[in-house]
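Notes to accompany the following structure.
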Amino acid sequence: MAEDLSILKGSKQEQYESILPQIEGLLTGENNLIANLANISAALKEQFNWWWVGFYWVQEDELVLGPFQGPVACIRIKKGRGVCGAAWEQGKTLIVDDVEKFPGHIACSSASKSEIVVPVFKNGTILGVLDVDSERSAHFDETDQQYLEKIVALIPHN
Ligand code: SME
């Protein structure tokens, strides 16, 4: 089981290369969804210290707040609403450099300036999304997309 994470300083890619196998280790042999989503959120928060990082999970026609790290957040998001609902509807990762310019952005916190939302797939169906918010504009890029998509693909589905 988990011991303390090793938190590496370095480029964004180096940080992902360091945290990715550690997240894989945290998930190995554990299929409890809440535990796994909680540990992924905690590991990413500890490595990158983003403003907010966590999951929304599909429940009927809504996304419902799941495990996260950061300030309290809005609980329910309809399909197509905000960045999370748009990523769910479009079935793809969305990177928003300036959330104020995103039509329908849901401002859970006025501190959030940029955002990336990564869908979690199982057999082509979206189970939920990983949402990351930053207080810096244009904080997220293709490197984040590439690694965060790898990380959510590690989530065991049962
Ligand atoms: N900003 C998101 C809502 C979730 S919070 O950022 C945690 C959105 O527009 O979907």
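To keep it simple, each residue is scored yes or no on (1) in contact with a helix residue (DSSP H, G or I) (Cβ under 7 Å, 6 or more places away or on another chain); (2) under 19 Å from TYR16 (Cα atoms); (3) of a type in the set (A, V, I, L, M, F, W, C).
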| residue | (1), (2), (3) |
| --- | --- |
| LEU33 | no, no, yes |
| ALA38 | no, yes, yes |
| TRP57 | no, no, yes |
| PRO67 | yes, no, no |
| ARG76 | no, no, no |
| TRP88 | no, no, yes |
| GLY91 | no, no, no |
| LYS113 | yes, no, no |
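Annotation note: of PRO21, PRO71, the sole residue that is within 13 Å of the ligand (Cβ to nearest atom) and not polar (S, T, N, Q) is PRO71.
Scanning segment 90-99 for residues that are within 11 Å of the ligand (Cβ to nearest atom) and more than 14 Å from GLN145 (Cβ to Cβ) gives a single hit, VAL99.
On the stretch given as segment 115-155, residues that are surrounded by 21 or more Cβ atoms within 10 Å (Cβ to Cβ) and part of a strand (DSSP E or B) total 13. Per this entry, LYS45 is not counted among residues that are in a loop (DSSP other than H, G, I, E, B) and closer than 14 Å to LEU148 by Cα.
Readers should treat all values here as calculations from the given coordinates under stated rules, not as data from a laboratory. This one's a predicted model, so the numbers in the text were calculated from it and none came from an experiment. Note that each Cβ is placed from the backbone with ideal geometry, even for glycine, and that neighbours are counted across all protein chains shown.
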